[in-house]
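Chemist: Here it is: the structure, laid out below.
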Amino acid sequence: MIDGKVLMIGDQKFIVPAINFKGVKKIEELLKRLGSIPAAGGFLRIDQIDILTEIVLVGLSRNYPDLTKQQLEEILDMNNIQTVLEAVTAQAGFKKVIQSPRCRKPDEQSEEEFARGLTAPGKLMGNT
């Protein structure tokens, strides 16, 4: 088991390890496909739910190689997805993925990045 961020998903404890380069590349591809996700209280499309589940699966796969997407779909929900996604993407070097509606657009960030709430690995939203 690789050390990492400890998370409770449903009633199960998981350790999210640092994401290897292969995983970082996969997560970045998935984030591009994800597009803009709604702020709190909004609705996710089915394709977005599938992509979010896949991102979490990539993040957990180093420590849980037998974990399946179907198993994750049983324990991920609208109450825990933001916390889980932020933990996974932080372990991949992304600092912010789900954009709070109160956040301002940093001047150096593209409209597309802002719409997705995505920053470059290691770059904090709003910091230069």
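Computed from the coordinates by the stated procedures, all read-outs in this text should not be read as laboratory data. Since this is a predicted model, take the numbers as computed values, not measurements. Positions of Cβ are generated from backbone atoms using ideal geometry, with glycine treated the same way; all protein chains shown enter the neighbour counts.
Chemist: Based on the mean of other Cβ atoms within 10 Å per residue, sort peptides 49-61, 18-30 so the most packed one is first.
Modeler: 49-61, 18-30
Chemist: Describe numerically, in nm with one decimal, the distance between label points set 7 Å from Cα along Cα→Cβ at Ile46 and at Val6.
Modeler: 3.9 nm
Chemist: Taking the convex hull of the alpha carbon atoms in the stretch 10-85, what volume per residue do you get, in Å³?
Modeler: Per-residue hull volume (Cα only) is 92 Å³.
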